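Engineer: Have a look at this one.
FYI, it's all coordinate maths here, none of it is from the lab. Just so it is clear, the model here is predicted, and its values are computed rather than measured. FYI the Cβ positions are ideal-geometry reconstructions off the backbone, even for glycines, and counts take in every protein chain you see.
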Amino acid sequence: MKAIVDLFSTDYGLMSAGVIAFIVVMAVWFYRFFSRKMAESERAAGKS
């Protein structure tokens, strides 16, 4: 419980939470970006 209190009540905890959130958002963005590019590449290869 103390860890959760520290995570949301201290400056280093809030920075850590921000970094974790940024990494999760970045991972989702990369997954969608590369999935879209692979689908485009497959469509382009199929048309040739």
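Engineer: Taking the chain as the reference, fit the longest principal axis to its C-alpha atoms, fit the long axis of helix 11-47 to the helix C-alpha atoms, and give the angle between the two in degrees, 0 to 90, nearest 10.
Structural biologist: 10
Engineer: So what's the back-of-envelope 222 nm ellipticity for the chain, counting only DSSP H runs of four-plus at -39500 (n - 2.57) apiece and dividing by all residues, rounded to 500?
Structural biologist: -33000 deg cm²/dmol
Engineer: Taking the Cα centre of region 2-47 as origin, work out the dipole magnitude from +1 charges on Lys and Arg Cβ and -1 charges on Asp and Glu Cβ, in debye rounded to 20.
Structural biologist: Rounded to the nearest 20 debye, it is 360 debye.
Engineer: Sticking with this structure for a sec: Provide the descending list of Cα extents for the chain along its principal axes, expressed in whole angstroms.
Structural biologist: So the extents along the principal axes, rounded to whole Å, are 59, 17, 7.
Engineer: If you don't mind, another one. Which value in nm describes the separation of the simple spin-label points at Ile20 and Glu42, placed 7 Å from the Cα toward the beta carbon?
Structural biologist: Once both label points are built, they end up 3.4 nm from each other.
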